[in-house]
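Have a look at the structure below, then the notes.
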Amino acid sequence: MSRTALPEFLSNAAVPTELQSVILGLADVSVTISQALAKGALAGVLGAAGAENVQGEDQKKLDVIANDLIKDALAALPAVRGLASEEEPDVLACHTDGQYLVTFDPLDGSSNIDINSMVGTIFSVLPHTGSAAVTEQDFLQPGRQQAAAGYILYGPSVMLVLSTGNGVAMFTLDQDQNRYLLTEADINIPVEAKEFSINMSNQRHWVAGMQHYISDLLLGKEGPRGKDFNMRWVAAMVADVHRILCRGGLFTYPWDSRKPEQAGKLRLMYEANPMGFLVEQAGGEVWTPEGKILDIQPEHIHQRVPVILGAASEVKICVDYHQR
Ligand code: F6P
Ligand code: MN
């Protein structure tokens, strides 16, 4: 069976050439990252890097390796005006006439590395609309303005999932030829949710609305929802959202009282916005308890946000529990 390769898909979809170069640059570097991940202990890349990132999290060696690879690959592209990485304190200025700003989480779910479980790279591409010299301010655009967003999931197969604002397409890496081939052209999140995804161990720290919503799900057929729900938690947002795109359901990482000063655990610009863009493009919704995430005006690049995403009607039900 002949399948469409990523470069052909992008030109068929009339994606601007400069944006194509950014997406293809990310696709290329993800192949190198996937090879480092596959070698694992044999290449001595597992374990802690011995440092903390700007988020106060312990870095893994592969967090640092993936970050450096992506940074170098993107900085070499004339279309890239500037970069912001979850692993770096400051934005990085690149080419003065580049059209795009790129934010990325180099290796999402990196606590999964040492157990040989799924991780991913998440990226968001914003148009550059600001001044000649790039500052953090230029990145502070609502998620709705993204020109493209996606992720690479390093799982049993390596997949690139992408939206340029015209639906969501999934590509699988052909590891014999190191190229991504189209395997799903138009993803639609199933309307009816049958699964939910939340770190249940934090239950006692949630707000009342979330407590109430989840306890009603757990009551199953005998409760007010009148049906049973299954639960899944991969502990890598990229893998949990991939499942939502493929099989539906609801994913949430709510605010909780362990770190009351933090709005949530997930990062708006590296995680919530790009994943939100994909989920909306697949017919789903992405909210905080207060409103749509893609409409949030960011205040700083490392901002955190509570996230409720997935099948549109289920997200609405969850938000309603908070607003009652
Ligand atoms: O990037 C943060 C992250 O690793 C997400 O990928 C994931 O959804 C979440 O944190 C896992 O959190 P926890 O450690 O509470 O399971
Ligand atoms: Mn992450």
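Only the coordinates and a few stated rules stand behind these numbers; no lab work does. Treat the numbers as computed from the prediction; the structure is a model and nothing was measured. Note that we place each Cβ from the backbone using ideal geometry, even for glycine, and neighbour counts take in every protein chain shown.
Per residue, the convex hull spanned by the Cα atoms of the chain amounts to 130 cubic angstrom. When the pairs LYS227/LYS292; LYS39/LYS60; LYS194/LYS221; LYS221/LYS316; LYS60/LYS265; LYS292/LYS316 are compared against a 22 Å limit on Cα-Cα distance, LYS227/LYS292 fall above it. Restricting the calculation to Cα atoms, every distinct pair contributes to the Kirkwood radius of the range 6-184, found to be 16.6 Å. Legend: ranking of residues THR135, THR4 from fewest to most surrounding C-beta atoms inside 10 Å; resulting order THR135, THR4. Taking a sphere under 11 Å around the Cβ of VAL319 and counting the other residues whose Cβ falls inside, with K and R at +1 and D and E at -1, yields a net charge of -1.
In order along the range 192-205, the phi-based Karplus estimate (6.51 cos²θ - 1.76 cosθ + 1.60, θ = phi - 60°) of 3J(HN,Hα) comes to 8, 8, 10, 9, 10, 9, 7, 7, 4, 5, 9, 3, 5, 9 Hz; Gly and Pro are listed as x.
Each Lys or Arg adds one and each Asp or Glu subtracts one; over the other residues with Cβ under 15 Å from the Cβ of THR129, this totals -2.
You can think of it this way: the chain between ARG144 and HIS212 has 21.4 nm of extra reach, that is 0.36 nm per residue less the Cα-Cα gap. Restriction of the GluC sites (Glu not before Pro) in the range 225-287 to DSSP coil positions whose beta-carbon has at most 15 other beta-carbons within 10 angstrom yields GLU261. Here is how the number arises for the chain: DSSP H runs of 4 or more residues each give -39500 (n - 2.57), the sum is divided by the residue count, and the result at 222 nm is -8500 deg cm²/dmol.
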